[in-house]
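The structure under discussion appears below in the form of structure tokens.
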Amino acid sequence: MNNDIYSFYELIEKYNVKVPIIQRDYAQGREKNVIICENFLKALKVNIISSRPINLDFIYGNVEGDVFLPLDGQQRLTTLFLLHWYAFVKDVNDDQTRDILKKFSYETRLSSRRFCEALLDNCISVDDLNTSISKQILDSKWFFISWKYDTTIRAMMRTIDIIHSVFRDMDNIWDALVNRKNVIFHLLVLENFGLSDDLYIKMNARGRLLTPFENLKAEIQDKALKEKWEETREEIKKFSYKIDGAWTQFLWNNFKKNNSVDNAHMNFMTAIVMAKLSTGQLLRGLERIDVIRKLNDNNTDRELINYIDQETFKYIYDSYELYCELFESRSLPPLNIEMWRHNPESNLLYQILLGYNTSYTHKVLFYAQTEYLLENKTIIQEKYEEWMRVVRNIVSRADITADGKRNDIVRSPETFYGAINLISELATGCNDIYKYLDENAISSSFAREQVREEIIKAKIINRNPEQKILLFRTEDNELLRGKIRFALECANYKQYINEIDFELLEKVQNVFKKHFDRELDNHNLEFDKFRRTMLTIEVNGKYQFYNYWWSYWNAGEAEKRKLFPLFREVEYFINIDEFKPYFKELVFQLISKSYDEIISGFVKPDNMENWQYRLIKEEKLIFNCDSKYIAISHDRTYCYLLKSKRPSDTDGSKIIR
């Protein structure tokens, strides 16, 4: 072992310092630790003023190549980094020093690491005595809103404000820290042990490495014993017996594929804990959201045991038993419905256990599946798929942008919390979800618009069961993806179920199946025929469907518009009240005609400009416009086929008169 005295700057000159993923979040700047942090910094200031070196005791860790991985001392090192950053901004601010300070890196989360880099790369004033530095940071363009919810970043900004309050009246801080070395510590490098070995040496007398799962397993067993959660359960049915026996054997037999069984256990329990934190009362408000985010980012979080109460413990136990039993009897129901981008590789459980690309949405779908299987000892495949269909429609809905971006509705801890609570409410009727939706008021406000649509579908199915397959075919369409209100409106639906013309709905569904059931490439000829046909559609005397999008930034003296550069933009279009009549008229025409027939039979009306007519009739004009953007002159007598999506002028763009 090496024993040496270093200042912080000497340490980062010699090594790249990386706080490893196994370490907890930065805690010294937490609100509850403000007094401790302030006293620590005041003690540093006293010694700096008196030019007496202060020794911060031992900081020890492992060295791998040129990287120092701290095992103990992370909190002090982070505070020293922030103090050096403050002194750097106040006294130095040169590129060479900036690069050296960047050798301190936070590996616990990508956001924390990027925040440290952003602090050094962007200009922050420390001379304004009236404005807190954290407020400047929060108001900066480079600060991501999501960073506000990172507990480490929040603690860092609080520490920066404390540093400013303590040191703002002091000059030459950098000289005291770097040149005079008034703050030092003993660096203890553990050469004969790996970092992880030493981390857990105190937990195991023999020094054997404990995995995060082994630690969690021991902590759950200990908590269950102390809290008497299994007092009446016989020994062979207790958690400790099951987790070391049948449950692990179950995972080993079915899911050991490029993944350790320990990881599978952690993925499984973390997904359940996230769900039960959402429905339970263990945490509330922002703290609950922070923890859900943290667990989604890291399934091996050392504080996981703190979020397991008796209700969650029971749910974990019951879920293990459920899936073991189903796999033993080979009766896990298949999911024979289109899940779009969330189609599981094998099944939802498999995806959760392996932990590959498991988004918030995947965890919601897994929770919905688990709820059904726990609630229904007798599985009816039809009812199971109806339940998962409703859940799929809800979690797949999100507001699509004018640029054709269709994000998942569940993509943050806040929406995860909302989705889980909605699923928990609906699960009361998961054995016959359409009956439940028809007969019960839904209190959750999550995805309210889509839930209303699911209620409409439930009423249609319960009163017209013979139309269920037609509804399913309609909502499985690639363009509609579960949201069929537009198709229903085409079939005369306004407010009441009995208004629907099901014969017409079937014709509408056939149009969607024929023309809009696959993602069309921008340069697809069929897609261009669709664009040209849309130009033939008139609403209220206007042939201007392209006004669904416009930009303040014109191309020269012409107004920019676009002609569906992306297939997914059509979905955005049909949900705009002002423009959906264009698409409705198109659907009606496509019931009996093809694109070619509509285009060839179109006769130029008196109120249509010649350039519009040419775009319809001359196939190669739109086809050869790669951007699918046009710009229309202010007098509307000509247009440009724009060379790119974001031109500031029309040079090089083809003019059509």
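Count, please, the residues in segment 164-175 that happen to be farther than 16 Å from Ile124 by Cβ and in contact (Cβ under 8 Å) with a residue 40 or more places away in the chain. Number of matching residues: 5. Being of a type in the set (A, V, I, L, M, F, W, C) and over 22 Å from Val390 (Cβ atoms) holds for only one residue in Ile337, Ile352, Ile289, and it is Ile289.
Among the conditions (1) touching a residue at least 12 places away in the same chain (Cβ under 8 Å); (2) of a type in the set (A, V, I, L, M, F, W, C); (3) in a helix (DSSP H, G or I), the only one that Ile35 does not satisfy is (1). Summed over segment 570-625, the residues that are in contact with a His (Cβ under 7 Å, 6 or more places away or on another chain) and over 22 Å from Cys490 (Cβ atoms) give a count of 0. Of all residues in segment 41-92, those being among the charged types (D, E, K, R), out of contact with any strand residue (DSSP E or B) (no Cβ under 8 Å at 6 or more places or on another chain) and not in a loop (DSSP other than H, G, I, E, B) number 5. Scanning segment 543-556 for residues that are in contact (Cβ under 8 Å) with a residue 24 or more places away in the chain and either buried (at least 17 other Cβ atoms within 10 Å of the Cβ) or within 17 Å of Glu609 (Cβ to Cβ) (or both) gives Tyr543, Phe545, Tyr546, Asn547, Tyr548, Trp549, Asn554, Ala555.
Exactly one residue among Ile622, Ile599 is out of contact with any Cys (no Cβ under 7 Å at 6 or more places or on another chain), within 22 Å of Lys507 (Cα to Cα) and in contact (Cβ under 8 Å) with a residue 60 or more places away in the chain, and that residue is Ile599. Within segment 116-164, the residues that satisfy the criterion of being farther than 14 Å from Gly29 by Cα, part of a helix (DSSP H, G or I) and small (Gly, Ala, Ser) are Ala118, Ser146.
Among the residues making up segment 95-116, a single one is among the small types (Gly, Ala, Ser) and modelled with pLDDT of 85 or more: Ser105. Just to be sure before I move on: is Tyr26 touching a Leu at 6+ places or on another chain (Cβ under 9 Å) and not acidic (Asp, Glu) in the structure I sent? No, not satisfied. Sort through Glu559, Glu569, Glu578 and tell me the only one that's assigned by TED's automatic domain parsing to the domain that holds Leu621, in contact with a strand residue (DSSP E or B) (Cβ under 7 Å, 6 or more places away or on another chain), modelled with pLDDT under 95 and of a type in the set (Asp, Glu). Step by step, each of Glu559, Glu569, Glu578 is checked, and only Glu559 is assigned by TED's automatic domain parsing to the domain that holds Leu621, in contact with a strand residue (DSSP E or B) (Cβ under 7 Å, 6 or more places away or on another chain), modelled with pLDDT under 95 and of a type in the set (Asp, Glu).
The condition (being of a type outside the set (Lys, Arg) and closer than 30 Å to Pro212 by Cα) is satisfied by just one residue among Asn55, Asn33: Asn33.
Here Val364 meets each of (1) free of Cβ contacts under 8 Å to residues at least 24 places away in the same chain; (2) more than 21 Å from Thr248 (Cα to Cα) with one exception, condition (1).
When Ile145 is tested against the conditions (1) among the hydrophobic types (A, V, I, L, M, F, W, C); (2) at pLDDT below 85; (3) under 25 Å from Pro53 (Cα atoms), the lone failure is (3).
Annotation note: Cβ proximity below 6 Å between a residue of segment 150-163 that is assigned by TED's automatic domain parsing to the domain that holds Thr131 and over 14 Å from Leu119 (Cα atoms) and a residue that is modelled with pLDDT of 90 or more and aromatic (Phe, Trp, Tyr) (sequence gap 6+ or interchain) occurs for Ile163/Tyr86. If the condition is being buried (at least 20 other Cβ atoms within 10 Å of the Cβ), among the β-branched types (Val, Ile, Thr) and within 20 Å of Leu101 (Cα to Cα), then segment 44-88 contributes Ile59, Thr78, Thr79.
The values are calculated or read from the model by the stated rules, or taken from the named source; none is laboratory data. Remember, predicted model here, so these are calculated numbers, not experimental data. Quick reminder, even Gly has a Cβ in these numbers, built from the backbone with ideal geometry, and neighbours come from all protein chains shown.
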